[in-house]
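Note sheet for the following structure.
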Amino acid sequence: MKQHWLMGVSCLALVACSSGQGNVTFTTYGEDFIEKQIPASAFEDGWSVKYDKFLVKLGEVKVANHEGQTAAEQTAAKVYDVHRPGPVDVATFNDLAAEEWDEVSYAIAPVADATAGNADAEDVTRMNTEGWSVYVEGTATKGTATKRFHWGFATNTLYEHCENEDIGNGVTVPKGGTETVQLTLHGDHLFFDDLQSSDAKMRFDAIAGADSVGIVGPDGEITLDELGLVDLTSLPSNQYGTGGAGSVRTLRDFVTALVRTVGHYRGEGECSPRVR
(Lines give C-alpha, C1' and ligand atoms only; values in the text may rest on other atoms or scores of the structure.)
Protein backbone atom coordinates (compact mmCIF):
# COMPACT_ATOMS: atom_id res chain seq x y z
CA MET A 1 0.00 0.00 0.00
CA LYS A 2 2.83 2.40 0.84
CA GLN A 3 4.39 1.78 -2.58
CA HIS A 4 1.11 2.60 -4.35
CA TRP A 5 0.77 5.83 -2.32
CA LEU A 6 4.23 6.95 -3.39
CA MET A 7 3.39 6.19 -7.01
CA GLY A 8 0.29 8.38 -6.65
CA VAL A 9 2.38 11.28 -5.42
CA SER A 10 4.77 10.83 -8.35
CA CYS A 11 1.87 10.90 -10.79
CA LEU A 12 0.54 14.09 -9.22
CA ALA A 13 3.96 15.66 -9.56
CA LEU A 14 4.08 14.69 -13.23
CA VAL A 15 0.67 16.25 -13.80
CA ALA A 16 1.91 19.48 -12.22
CA CYS A 17 5.05 19.40 -14.34
CA SER A 18 3.08 18.78 -17.51
CA SER A 19 1.37 22.18 -17.12
CA GLY A 20 4.66 23.79 -18.11
CA GLN A 21 6.21 26.98 -16.84
CA GLY A 22 6.00 30.69 -17.51
CA ASN A 23 6.99 34.08 -16.16
CA VAL A 24 5.27 37.07 -14.54
CA THR A 25 6.56 40.65 -14.55
CA PHE A 26 5.08 43.22 -12.18
CA THR A 27 5.18 46.91 -13.02
CA THR A 28 3.85 50.03 -11.36
CA TYR A 29 2.28 53.05 -13.03
CA GLY A 30 0.74 56.33 -11.93
CA GLU A 31 -1.42 56.99 -15.00
CA ASP A 32 -1.93 60.46 -16.49
CA PHE A 33 -3.41 61.95 -13.32
CA ILE A 34 -0.08 61.45 -11.53
CA GLU A 35 2.32 61.76 -14.45
CA LYS A 36 0.71 64.80 -16.02
CA GLN A 37 -2.16 66.51 -14.21
CA ILE A 38 -5.65 66.17 -12.78
CA PRO A 39 -7.60 68.70 -14.86
CA ALA A 40 -10.14 71.17 -13.50
CA SER A 41 -12.87 69.29 -15.35
CA ALA A 42 -12.32 66.33 -12.98
CA PHE A 43 -12.99 68.42 -9.86
CA GLU A 44 -16.41 69.52 -8.66
CA ASP A 45 -15.05 72.90 -7.56
CA GLY A 46 -12.84 73.83 -10.49
CA TRP A 47 -9.35 73.19 -9.08
CA SER A 48 -6.63 71.35 -10.97
CA VAL A 49 -3.70 69.48 -9.41
CA LYS A 50 -0.25 68.79 -10.78
CA TYR A 51 2.09 66.48 -8.90
CA ASP A 52 5.85 67.06 -8.77
CA LYS A 53 6.57 63.87 -6.83
CA PHE A 54 4.53 60.81 -5.95
CA LEU A 55 6.73 58.42 -3.98
CA VAL A 56 5.57 54.99 -2.79
CA LYS A 57 7.33 52.12 -1.04
CA LEU A 58 6.19 48.97 -2.82
CA GLY A 59 7.02 45.51 -1.54
CA GLU A 60 5.74 42.10 -0.46
CA VAL A 61 4.67 41.24 -4.00
CA LYS A 62 3.21 37.74 -3.80
CA VAL A 63 1.73 35.26 -6.26
CA ALA A 64 -0.27 32.49 -4.60
CA ASN A 65 -3.60 30.67 -4.66
CA HIS A 66 -6.54 30.34 -2.30
CA GLU A 67 -5.31 26.93 -1.18
CA GLY A 68 -2.30 28.56 0.49
CA GLN A 69 0.34 27.63 -2.08
CA THR A 70 2.85 30.36 -2.95
CA ALA A 71 4.34 30.45 -6.42
CA ALA A 72 6.65 33.43 -5.86
CA GLU A 73 7.27 36.25 -3.42
CA GLN A 74 9.49 39.31 -3.20
CA THR A 75 9.49 40.75 0.31
CA ALA A 76 11.99 43.59 -0.17
CA ALA A 77 10.58 47.10 -0.59
CA LYS A 78 11.69 49.70 -3.12
CA VAL A 79 10.83 53.36 -3.54
CA TYR A 80 9.21 54.40 -6.80
CA ASP A 81 8.37 57.87 -8.04
CA VAL A 82 5.33 57.18 -10.19
CA HIS A 83 5.24 60.81 -11.30
CA ARG A 84 8.02 59.80 -13.67
CA PRO A 85 6.99 58.28 -17.00
CA GLY A 86 6.02 54.64 -16.62
CA PRO A 87 5.22 51.85 -16.27
CA VAL A 88 8.39 50.86 -14.41
CA ASP A 89 9.41 47.29 -13.52
CA VAL A 90 8.93 46.16 -9.92
CA ALA A 91 9.65 42.41 -9.96
CA THR A 92 9.99 39.50 -12.37
CA PHE A 93 9.32 35.90 -11.37
CA ASN A 94 10.57 33.23 -13.74
CA ASP A 95 9.69 29.56 -14.17
CA LEU A 96 6.39 29.54 -12.31
CA ALA A 97 3.87 26.77 -12.85
CA ALA A 98 1.77 27.75 -15.87
CA GLU A 99 -1.62 27.83 -14.20
CA GLU A 100 -4.05 30.18 -12.53
CA TRP A 101 -2.78 31.83 -9.35
CA ASP A 102 -5.82 33.57 -7.95
CA GLU A 103 -4.28 35.31 -4.93
CA VAL A 104 -2.00 38.24 -5.77
CA SER A 105 -1.07 40.78 -3.11
CA TYR A 106 1.38 43.60 -2.47
CA ALA A 107 2.08 46.19 0.21
CA ILE A 108 2.69 49.90 0.53
CA ALA A 109 4.40 50.10 3.90
CA PRO A 110 6.94 52.24 5.82
CA VAL A 111 9.79 49.74 5.56
CA ALA A 112 12.91 51.26 7.13
CA ASP A 113 15.48 49.79 4.74
CA ALA A 114 13.82 50.27 1.35
CA THR A 115 16.11 50.71 -1.64
CA ALA A 116 15.69 52.62 -4.88
CA GLY A 117 13.28 51.52 -7.55
CA ASN A 118 13.32 54.46 -9.91
CA ALA A 119 13.49 57.12 -7.18
CA ASP A 120 16.49 59.34 -6.49
CA ALA A 121 18.84 58.26 -3.70
CA GLU A 122 18.02 61.46 -1.79
CA ASP A 123 14.31 60.65 -1.90
CA VAL A 124 14.92 57.08 -0.74
CA THR A 125 16.97 58.30 2.22
CA ARG A 126 14.31 60.82 3.19
CA MET A 127 11.51 58.23 2.95
CA ASN A 128 13.45 55.84 5.20
CA THR A 129 14.50 58.52 7.68
CA GLU A 130 11.02 60.00 8.03
CA GLY A 131 9.32 56.60 8.18
CA TRP A 132 7.03 57.33 5.25
CA SER A 133 5.38 54.86 2.92
CA VAL A 134 3.87 57.55 0.68
CA TYR A 135 5.05 61.08 -0.06
CA VAL A 136 3.41 63.51 -2.44
CA GLU A 137 4.12 67.07 -3.41
CA GLY A 138 2.42 69.25 -5.95
CA THR A 139 0.48 72.37 -6.82
CA ALA A 140 -3.26 73.03 -6.94
CA THR A 141 -4.55 75.88 -9.11
CA LYS A 142 -7.89 77.62 -9.51
CA GLY A 143 -7.96 80.86 -11.47
CA THR A 144 -5.28 83.07 -9.93
CA ALA A 145 -5.13 81.03 -6.71
CA THR A 146 -2.24 78.61 -6.20
CA LYS A 147 -1.69 76.25 -3.28
CA ARG A 148 1.31 74.02 -2.65
CA PHE A 149 1.38 70.79 -0.63
CA HIS A 150 4.14 68.46 0.65
CA TRP A 151 2.61 65.51 2.51
CA GLY A 152 4.28 62.41 3.94
CA PHE A 153 2.31 59.44 5.28
CA ALA A 154 3.37 56.45 7.38
CA THR A 155 0.42 54.25 6.40
CA ASN A 156 0.97 50.49 6.35
CA THR A 157 -1.41 48.74 3.97
CA LEU A 158 -1.49 45.24 2.52
CA TYR A 159 -3.46 45.01 -0.73
CA GLU A 160 -4.92 41.50 -0.86
CA HIS A 161 -7.16 39.46 -3.18
CA CYS A 162 -6.32 41.65 -6.17
CA GLU A 163 -8.57 41.28 -9.18
CA ASN A 164 -9.74 42.95 -12.36
CA GLU A 165 -13.31 42.21 -13.41
CA ASP A 166 -12.32 42.02 -17.08
CA ILE A 167 -9.29 39.75 -16.52
CA GLY A 168 -10.16 37.84 -13.37
CA ASN A 169 -8.61 37.16 -9.97
CA GLY A 170 -4.86 37.17 -9.57
CA VAL A 171 -2.85 36.15 -12.61
CA THR A 172 -2.74 33.24 -15.03
CA VAL A 173 0.83 32.27 -15.85
CA PRO A 174 1.17 31.51 -19.58
CA LYS A 175 2.98 28.37 -20.65
CA GLY A 176 6.28 29.37 -22.23
CA GLY A 177 5.47 33.09 -22.05
CA THR A 178 5.45 36.15 -19.81
CA GLU A 179 2.42 37.87 -18.32
CA THR A 180 2.77 41.53 -17.31
CA VAL A 181 0.79 42.70 -14.28
CA GLN A 182 0.44 46.40 -13.48
CA LEU A 183 0.18 47.65 -9.91
CA THR A 184 -1.66 50.87 -10.69
CA LEU A 185 -1.58 53.91 -8.39
CA HIS A 186 -4.55 56.30 -8.41
CA GLY A 187 -3.49 59.82 -7.44
CA ASP A 188 -6.99 61.25 -7.81
CA HIS A 189 -8.15 59.32 -4.74
CA LEU A 190 -6.44 61.77 -2.39
CA PHE A 191 -9.11 64.33 -3.20
CA PHE A 192 -12.30 62.24 -2.99
CA ASP A 193 -15.04 63.58 -0.69
CA ASP A 194 -16.25 60.21 0.63
CA LEU A 195 -14.42 57.19 2.02
CA GLN A 196 -16.90 54.57 0.83
CA SER A 197 -19.37 55.89 -1.73
CA SER A 198 -18.89 54.84 -5.34
CA ASP A 199 -20.26 58.30 -6.22
CA ALA A 200 -17.47 60.17 -4.41
CA LYS A 201 -16.43 63.41 -6.11
CA MET A 202 -13.10 65.18 -6.23
CA ARG A 203 -12.96 68.44 -4.31
CA PHE A 204 -10.21 70.80 -3.16
CA ASP A 205 -12.01 73.83 -1.67
CA ALA A 206 -11.92 72.47 1.89
CA ILE A 207 -8.25 71.52 1.57
CA ALA A 208 -7.41 74.96 0.17
CA GLY A 209 -9.34 76.58 3.00
CA ALA A 210 -7.12 74.86 5.56
CA ASP A 211 -4.33 77.24 4.55
CA SER A 212 -6.05 80.02 6.49
CA VAL A 213 -6.63 77.93 9.62
CA GLY A 214 -3.05 77.58 10.85
CA ILE A 215 -1.14 79.94 13.11
CA VAL A 216 0.96 81.21 10.22
CA GLY A 217 -2.11 82.22 8.25
CA PRO A 218 -2.49 82.01 4.46
CA ASP A 219 0.93 81.46 2.94
CA GLY A 220 0.10 79.33 -0.11
CA GLU A 221 1.33 76.13 1.59
CA ILE A 222 -1.17 73.55 2.90
CA THR A 223 0.37 71.39 5.61
CA LEU A 224 -0.93 68.22 7.22
CA ASP A 225 -0.96 70.05 10.54
CA GLU A 226 -3.32 72.61 9.04
CA LEU A 227 -5.56 69.83 7.71
CA GLY A 228 -5.58 68.43 11.24
CA LEU A 229 -7.20 71.65 12.50
CA VAL A 230 -10.22 71.26 10.20
CA ASP A 231 -12.98 69.32 11.95
CA LEU A 232 -15.09 67.37 9.48
CA THR A 233 -18.24 68.59 11.21
CA SER A 234 -17.40 72.10 10.02
CA LEU A 235 -17.66 71.04 6.38
CA PRO A 236 -20.85 70.71 4.27
CA SER A 237 -22.93 67.78 5.48
CA ASN A 238 -23.06 66.19 2.03
CA GLN A 239 -19.27 66.07 1.76
CA TYR A 240 -16.48 64.13 3.48
CA GLY A 241 -18.54 61.17 4.56
CA THR A 242 -16.58 58.71 6.68
CA GLY A 243 -18.87 55.71 6.47
CA GLY A 244 -18.98 55.62 10.25
CA ALA A 245 -15.21 55.45 10.82
CA GLY A 246 -14.92 56.83 14.34
CA SER A 247 -11.20 57.54 14.14
CA VAL A 248 -11.62 59.90 11.16
CA ARG A 249 -12.49 63.28 12.67
CA THR A 250 -10.34 65.85 10.89
CA LEU A 251 -9.45 66.59 7.29
CA ARG A 252 -5.98 65.21 7.99
CA ASP A 253 -7.51 61.93 9.20
CA PHE A 254 -9.67 61.87 6.10
CA VAL A 255 -6.83 62.40 3.59
CA THR A 256 -4.71 59.83 5.44
CA ALA A 257 -7.53 57.30 5.11
CA LEU A 258 -7.76 58.09 1.39
CA VAL A 259 -4.05 57.32 1.00
CA ARG A 260 -4.86 53.66 1.70
CA THR A 261 -7.12 53.58 -1.37
CA VAL A 262 -4.47 54.56 -3.96
CA GLY A 263 -3.38 50.96 -4.61
CA HIS A 264 -5.17 49.27 -7.50
CA TYR A 265 -4.64 46.35 -9.85
CA ARG A 266 -4.27 46.30 -13.60
CA GLY A 267 -5.82 49.70 -14.15
CA GLU A 268 -9.24 49.95 -12.54
CA GLY A 269 -8.99 46.57 -10.80
CA GLU A 270 -9.43 46.39 -7.05
CA CYS A 271 -7.66 44.86 -4.08
CA SER A 272 -8.86 44.55 -0.49
CA PRO A 273 -6.74 46.98 1.57
CA ARG A 274 -5.87 45.69 5.03
CA VAL A 275 -4.64 48.17 7.60
CA ARG A 276 -1.60 46.98 9.55
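The values are calculated or read from the model by the stated rules, or taken from the named source; none is laboratory data. If you're wondering where the values come from, they're calculated on a predicted model, not measured in any experiment. Cβ sites come from the backbone with ideal geometry, for glycine too, and all protein chains shown count toward neighbours. Each accessible area value is taken on the protein alone, full model and side chains, heavy atoms only, with ligands, DNA and RNA left out. Shrake-Rupley method; radii C 1.70, N 1.55, O 1.52, S 1.80 Å.
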Legend entry - Carbon/sulfur fraction of accessible area - segment 180-263, other protein chains in place, 1.4 Å, %: 48 percent
Inset, instruction - Be a star and scan segment 71-107 for residues whose amide nitrogen sits under 11 Å from the point 7 Å along the Cα-to-Cβ vector of Gln21. - result: 94-98
Inset, instruction - Distance from a point 7 Å along Cα→Cβ of Glu67 to each backbone N in segment 83-108: keep the residues under 11 Å and list them by number. - result: 100
Legend entry - Residue-count net charge about His189 - beta-carbon cut-off 13 Å; Lys, Arg +1, Asp, Glu -1: -3
Inset, instruction - Of the options Ile222, Ala245, Leu232, report the single residue whose Cα projects farthest towards the positive end of the charge dipole of segment 206-268 (beta-carbon charges: Lys, Arg +1; Asp, Glu -1). - result: Ala245
Inset, instruction - Work out the length of the dipole vector of the chain about its Cα centre, built from +1 on the beta-carbon of each Lys and Arg and -1 on the beta-carbon of each Asp and Glu, and round it to the nearest 20 debye. - result: 360 debye
Inset, instruction - Using only the Cα atoms of segment 133-276, each taken as one equal point scatterer with no solvent, compute I(q) by the Debye sum, divide by I(0), and report log10 of the ratio at q = 0.18, 0.20 Å⁻¹. - result: -1.08, -1.27
Legend entry - In range of the label at Ala42: residues from segment 176-191 whose backbone nitrogen is under 11 Å from the point 7 Å along Cα→Cβ: 186-191
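By the gyration tensor of its Cα atoms, with a ≥ b ≥ c the square roots of the eigenvalues, what is the shape of segment 99-148: rounded for a/c under 1.5, prolate for a/b over b/c, or oblate?
The shape class here is oblate.
When the chain is fully extended, how far beyond the present Cα-Cα distance does Glu221 get from Ile167, taking 0.36 nm per residue of separation?
Values: separation 54, 0.36 × 54 = 19.44 nm, distance 4.20 nm.
That pair, Glu221 and Ile167, stretches by 15.2 nm at full extension.
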Inset, instruction - Could you point to the label whose value was computed as log10 I(q)/I(0) by the Debye sum over Cα atoms at q = 0.09 Å⁻¹ for the structure here, given (i) -0.56; (ii) -0.47; (iii) -0.38? - result: (ii)
Inset, instruction - Under 12 Å from the Cβ of Gly269, count the other residues' Cβ atoms, weight Lys and Arg +1, Asp and Glu -1, and hand me the total. - result: -4
Legend entry - Within the accessible area of segment 12-135 (1.4 Å probe), percent carbon and sulfur: 48 percent
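Could you provide, to the nearest whole Å², the per residue accessible area of the chain with probe 1.4 Å?
Accessible area per residue, the chain: 48 Å².
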Inset, instruction - Multiply the residue separation of Thr125 and Thr180 by 0.36 nm, subtract the distance between their alpha-carbon atoms, and state the gained length in nm to one decimal. - result: 16.9 nm
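Could you work out how much longer the chain between Thr115 and Ser247 gets when fully extended? Use 0.36 nm per residue separation minus the Cα distance between them, nm to one decimal.
Between Thr115 and Ser247, full extension yields 44.3 nm more.
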Inset, instruction - Work out the charge dipole of the chain with +1 on the Cβ of Lys and Arg and -1 on the Cβ of Asp and Glu about the Cα centre, then indicate which of Trp151, Gly209, Ser19 is farthest towards its positive end. - result: Ser19
Inset, instruction - Let me have the relative contact order for the chain, percent, based on Cα pairs under 8 Å that are six or more residues apart. - result: 22 percent
Legend entry - Backbone HN-Hα couplings from phi across segment 179-191 [Karplus 6.51/-1.76/1.60, Hz, Gly and Pro as x]: 9, 9, 10, 9, 8, 8, 9, 10, x, 6, 5, 5, 10
Legend entry - Total charge dipole magnitude, segment 22-76, about the Cα centre, Cβ charges on Lys, Arg, Asp, Glu only, Debye to nearest 20: 200 debye
Inset, instruction - For Gly138, enumerate residues with amide H under 5 Å from its amide H, sequence gap 5+ or separate chain, H modeled in the peptide plane. - result: Asp52, Phe149
Inset, instruction - Enumerate the calculated ³J(HN,Hα) couplings along segment 22-35 in order (Karplus 6.51 cos²θ - 1.76 cosθ + 1.60, θ = phi - 60°), each rounded to whole Hz, writing x wherever the residue is Gly or Pro. - result: x, 10, 10, 10, 9, 10, 10, 7, x, 6, 4, 4, 8, 5
